[in-house]
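*Asks:* Submitted below is the structure of interest, expressed as structure tokens.
The values are calculated or read from the model by the stated rules, or taken from the named source; none is laboratory data. On a predicted model such as this, the values are computed, not experimentally measured, just so you know. Positions of Cβ are backbone-derived with ideal geometry, glycine not excepted, and every protein chain shown enters the neighbour counts.
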Amino acid sequence: MANKVCIFPALGEVAARAYAAATDTAWATITGVPNDKWAYVRNDAFGQWVVPYLGPPAKWAGVEVVEPAACLAARATGVLHDFAVWPPEEE
Amino acid sequence: MAVHVGVRGPGHISRVFGWTPAQLGSSLLGWWDAEDSATITQSGGLVSSWKDKVAAYDAVQALGSAKPVYSATSFNSRPGLTFDGVDDEVTLGSQPFPSGATPSELWALVDQTALVADVTGRFIASYGGTGTTNRRRISRSVVTGVNRANVGAGDGGTEVSSVNSSVDFSGRHVVRGVIRATEVQVDVNGTASATAAVVPATTALRFRIGANSSTTAGGFWQGVIPLVIITGALDSGQAAQLLAYLKARGGIA
């Protein structure tokens, strides 16, 4: 699904995981499926924490998702980007 | 609630063209096809499961943010899965396809939408181990400012790839990655690349559509994938039939 990512500082793992938990909770409400998951929490190439953003342009059933207030509050220390720079591939 | 999508019955293609990949017989090892409504599980347009038509190998995605989007009209006005280039992919946890140096072919119908300014390597499909040295893949890269298709196979120590320098790999194409016992080659719409020498040392871990087969997926595809096929080594007649079928289906000259 088309979406952006929210990137937290390298020392911001706790905030990244809290944001991910908030998006999971909101996503389960949107889809109506209990315990449905939205997010991963991964390191990018620079050791920062990447969590998928729950908000436009993401869509559910063809309708753009409005960012839940709880998610907006939880990503206060993160920055939105169109994509992440992932670590180099394993050999 | 998850539902199966339904647009055209699985027999549609055979009625139109008279030949389907099923006629490859024992050479057909895996066949993911968005045209077959019974093989896709989606909810809200997001695909959580895409099963192949040979043995119901189930490529899955549990996270909402990483699910590709199903549309009945996204590829040449026919069904396809759109991958966002950010994090979308589906994964088969263990793969049953030829490993070691045993030949195989990776075929796909794709719409490649990444711009040349984006030089990220983007994978249509990849299988084998978690590293560059033990996998096989068909992918897209940018070479001197042009989108190009390429195929790669690891030999246990490094990865060797062959790039198709003849066809601009933007838009809709048929891609055929050929992995032989001693070389690889990639065809785009029937135009072949030069071969690159390699003795594959593919391991048998996972298969992924829309990204590489690393432990943590990367190299995300940007565009539409309506079909991926894995075969054993095809003879020239089989390859010609499959190519004609896919070009007709994709409206590709």
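*Asks:* Run B:D235 past the list (1) modelled with pLDDT under 95; (2) under 24 Å from B:P21 (Cα atoms) and report the number of the one that doesn't hold.
*Replies:* It fails just one condition, (1).
*Asks:* I've got another one for you. Here are some residues: B:A55, B:A38, B:A59. Which one is out of contact with any helix residue (DSSP H, G or I) (no Cβ under 9 Å at 6 or more places or on another chain) and assigned to a helix (DSSP H, G or I)? Can you show your working first?
*Replies:* On the way: B:A55 fails: assigned to a helix (DSSP H, G or I); B:A59 fails: assigned to a helix (DSSP H, G or I).
Exactly one residue qualifies, and that residue is B:A38.
*Asks:* Hey, among A:T25, A:T29, which residue is surrounded by 14 or more Cβ atoms within 10 Å (Cβ to Cβ) and either within 10 Å of the chain's Cα centre (by Cα) or farther than 16 Å from B:K67 by Cβ (or both)? Can you show your working first?
*Replies:* On the way: A:T29 fails: surrounded by 14 or more Cβ atoms within 10 Å (Cβ to Cβ).
From the options A:T25, A:T29, the qualifying one is A:T25.
*Asks:* Among (1) surrounded by fewer than 18 Cβ atoms within 10 Å (Cβ to Cβ); (2) at the interface with chain B (Cβ under 7 Å from one of its Cβ atoms); (3) charged (D, E, K, R), which single condition is A:D82 missing?
*Replies:* Just one mismatch for A:D82, condition (2).
*Asks:* Output the residues belonging to segment B:54-65 that are in contact (Cβ under 8 Å) with a residue 40 or more places away in the chain and either within 11 Å of chain A (Cβ to nearest Cβ) or not aliphatic (A, V, I, L, M) (or both).
*Replies:* The one that is in contact (Cβ under 8 Å) with a residue 40 or more places away in the chain and either within 11 Å of chain A (Cβ to nearest Cβ) or not aliphatic (A, V, I, L, M) (or both): B:Y57.
*Asks:* Can you tell me which residue among B:I229, B:I179 is over 13 Å from the mean Cα position of the chain (by Cα) and in contact (Cβ under 8 Å) with a residue 40 or more places away in the chain? Break it down into steps so the answer makes sense when it comes.
*Replies:* Details: B:I229 fails: over 13 Å from the mean Cα position of the chain (by Cα).
Matching residue, one of B:I229, B:I179: B:I179.
*Asks:* Now, a different point. Specify which of the listed residues (B:R15, B:R78) is at pLDDT below 95 and of a type in the set (D, E, K, R).
*Replies:* Working: B:R78 fails: at pLDDT below 95.
Only one candidate passes the filter, namely B:R15.
*Asks:* What are the residue pairs meeting all of these: first residue in segment B:80-97, first residue away from every other protein chain (no Cβ under 14 Å) and in contact (Cβ under 8 Å) with a residue 60 or more places away in the chain, second residue buried (at least 24 other Cβ atoms within 10 Å of the Cβ) and not in a strand (DSSP E or B), Cβ atoms under 6 Å, and 6 or more apart or on different chains?
*Replies:* Cβ pairs passing all conditions: B:G80/B:A34.
*Asks:* Among (1) at pLDDT 95 or above; (2) closer than 14 Å to B:T202 by Cβ, which single condition is B:T130 missing?
*Replies:* (1)
*Asks:* Does any residue of segment B:191-202 turn out to be over 12 Å from the mean Cα position of the chain (by Cα), free of Cβ contacts under 8 Å to residues at least 60 places away in the same chain, crowded, with 20+ Cβ neighbours inside 10 Å and farther than 19 Å from B:A108 by Cα? Write out each step before concluding.
*Replies:* Quick first cut of segment B:191-202, residues over 12 Å from the mean Cα position of the chain (by Cα) only: B:191-202.
Narrowing the set further to residues that are free of Cβ contacts under 8 Å to residues at least 60 places away in the same chain leaves B:191-198.
Filter again for crowded, with 20+ Cβ neighbours inside 10 Å, leaving B:193, B:198.
Restricting the remaining residues to those that are farther than 19 Å from B:A108 by Cα gives B:198.
Yes, the conditions are met somewhere in segment B:191-202.
*Asks:* Of all residues in segment A:46-64, which are more than 13 Å from A:M1 (Cβ to Cβ) and at the interface with another protein chain (Cβ under 10 Å from one of its Cβ atoms)?
*Replies:* Let us first name the residues in segment A:46-64 that are more than 13 Å from A:M1 (Cβ to Cβ), namely A:46-51.
Those that are more than 13 Å from A:M1 (Cβ to Cβ) and at the interface with another protein chain (Cβ under 10 Å from one of its Cβ atoms): A:V50, A:V51.
*Asks:* Now, a different point. Please go through segment B:167-190 and give me each residue that is of a type outside the set (V, I, T) and surrounded by fewer than 17 Cβ atoms within 10 Å (Cβ to Cβ), ordered by number.
*Replies:* The initial filter retains those residues of segment B:167-190 that are of a type outside the set (V, I, T), namely B:168-173, B:176-177, B:180-181, B:183, B:185, B:187, B:189-190.
Those that are of a type outside the set (V, I, T) and surrounded by fewer than 17 Cβ atoms within 10 Å (Cβ to Cβ): B:D168, B:G171, B:A181, B:G190.
*Asks:* Can you tell me which residues in segment B:51-62 are buried (at least 20 other Cβ atoms within 10 Å of the Cβ) and touching a Gly at 6+ places or on another chain (Cβ under 7 Å)? Show your work before the answer.
*Replies:* Initially, segment B:51-62 is screened for residues buried (at least 20 other Cβ atoms within 10 Å of the Cβ), giving B:51-53, B:57, B:59, B:61.
Those that are buried (at least 20 other Cβ atoms within 10 Å of the Cβ) and touching a Gly at 6+ places or on another chain (Cβ under 7 Å): B:D52, B:Y57.
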